[in-house]
Amino acid sequence: MDGQPEGENAVESINFPAALILYVIHVWHLNMAFGTLPGHVRHQRFAAGAFPRRLRVWRERNNLSQSEAALKLQISKRTLQEWEQGRAAPRGFARTALEKTIHA
C-alpha cells in the first residue's frame, strides 16, 4: 500500500499542466466560427437588435443581395445571414470596421 485509498471510494487526483489547459482554450477559440458568439453569450442582443437592422438597411440601401454584400464585406454569405438575423455578431476590430463601413 502506498497510502492511497483503494476501491470505489478512491479518487484519483489528475493534475493537468497549465500549458495544456491554455492550449485547449486556445484551440477552442480557433475552432469558433469568425464573428460568432459562444453559446453562453449568444442569447444577448446588441442594443435590442440595432446592429442587425443597420446591417440589413445598409445592404438594401445599396441594392445589394446577401451574396454581393458578403463579397463586399469580405465575409461568407452564411456569416452575413447570421449577423442580419441576430444569431451572431462581429466583435472587436471586425465590429468597428463594419460599423465604419455601414455608416459611410
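FYI, it's all coordinate maths here, none of it is from the lab. Source: prediction; values computed, not measured. Neighbour counts are summed over all protein chains in view; Cβ atoms, including those assigned to glycine, are modelled from backbone coordinates with ideal geometry.
Contact list please: Cβ distance under 9 Å, first residue in region 48-62 and of a type in the set (Gly, Ala, Ser), second residue part of a loop (DSSP other than H, G, I, E, B), pairs at least six apart or on different chains.
The qualifying pairs are GLY49/GLY86.
Residues of region 86-104 being part of a helix (DSSP H, G or I) and touching a Gly at 6+ places or on another chain (Cβ under 7 Å), which ones? Don't jump to the end; show me each part of the working.
Here is the first cut: in region 86-104, the residues part of a helix (DSSP H, G or I) are 92-103.
The one that is part of a helix (DSSP H, G or I) and touching a Gly at 6+ places or on another chain (Cβ under 7 Å): ALA94.
Any idea which residue in region 70-85 is farthest from the chain's Cα centre (by Cα), counting only those that are surrounded by fewer than 18 Cβ atoms within 10 Å (Cβ to Cβ) and part of a loop (DSSP other than H, G, I, E, B)?
So the residue we want is GLN74.
Can you tell me which residues in region 52-66 are more than 21 Å from the chain's Cα centre (by Cα), not hydrophobic (A, V, I, L, M, F, W, C) and not in a loop (DSSP other than H, G, I, E, B)? First the steps, then the outcome.
First, the residues of region 52-66 that are more than 21 Å from the chain's Cα centre (by Cα): 57-65.
This time we only want the ones that are not hydrophobic (A, V, I, L, M, F, W, C), so: 59-63, 65.
Correct list: ARG59, GLU60, ARG61.
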